[in-house]
């Protein structure tokens, strides 16, 4: 169940990380901050499915806002680039290219190269 996944320690860490990066007040509205704060103070374990759903949505929101630019690009652009390059290499007969779609280093490399390539040279 989703309630078992969310721990108070995880909420404290998420709040600490967001405060350090300056996104706690920018990304969350007053109600979301209050829910997280009260959950940390008053609850040992989340039992309510509705509270778990709200807290999970807030944690996802914080994670997306606090992630680095490279991670965002890897998530949005890198995976599709790796699939495309892998498919081309497989069509050329490279059997090991199938594994490229799961290689984090390769995906990050493609993402960074895409960001650093001027717009007029992109395919």
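The values are calculated or read from the model by the stated rules, or taken from the named source; none is laboratory data. Just so you know, these numbers come straight off a predicted model, no measurement behind them. Reconstructed Cβ throughout: ideal geometry from the backbone, glycine too, with neighbour counts over all protein chains shown.
Of everything in the stretch 10-22 that is surrounded by 14 or more Cβ atoms within 10 Å (Cβ to Cβ) and at pLDDT 90 or above, the residue that is farthest from residue 67 (Cα to Cα) is 11.
Here is a yes/no grid of residues against (1) within 14 Å of residue 62 (Cα to Cα); (2) assigned to a loop (DSSP other than H, G, I, E, B); (3) out of contact with any strand residue (DSSP E or B) (no Cβ under 8 Å at 6 or more places or on another chain):
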{"position": "12", "(1), (2), (3)": "yes, no, yes"}
{"position": "16", "(1), (2), (3)": "yes, no, yes"}
{"position": "25", "(1), (2), (3)": "yes, no, yes"}
{"position": "33", "(1), (2), (3)": "yes, no, yes"}
{"position": "41", "(1), (2), (3)": "no, no, yes"}
{"position": "46", "(1), (2), (3)": "no, yes, yes"}
{"position": "51", "(1), (2), (3)": "no, no, yes"}
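How many residues does the stretch 39-57 contain that are under 30 Å from residue 102 (Cβ atoms) and surrounded by 13 or more Cβ atoms within 10 Å (Cβ to Cβ)?
Looking only at the stretch 39-57, we keep the residues that are under 30 Å from residue 102 (Cβ atoms), and these are 56-57.
Keeping just the survivors that are surrounded by 13 or more Cβ atoms within 10 Å (Cβ to Cβ) gives 56.
Result for the stretch 39-57: 1.
Taken together, the residues in the stretch 23-51 that are within 19 Å of the chain's Cα centre (by Cα) and more than 23 Å from residue 68 (Cα to Cα) amount to 0.
The C-beta contact set for the stretch 31-53 (first residue in the same structural domain as residue 8 (by TED's automatic domain parsing), second residue part of a loop (DSSP other than H, G, I, E, B) and buried (at least 16 other Cβ atoms within 10 Å of the Cβ), distance under 8 angstrom, 6+ apart or interchain) comprises 36/28; 39/46; 46/6; 52/6; 52/46. Every condition in (1) free of Cβ contacts under 8 Å to residues at least 40 places away in the same chain; (2) closer than 30 Å to residue 18 by Cβ; (3) surrounded by 12 or more Cβ atoms within 10 Å (Cβ to Cβ) is met by residue 114 except one, and the failing one is (1).
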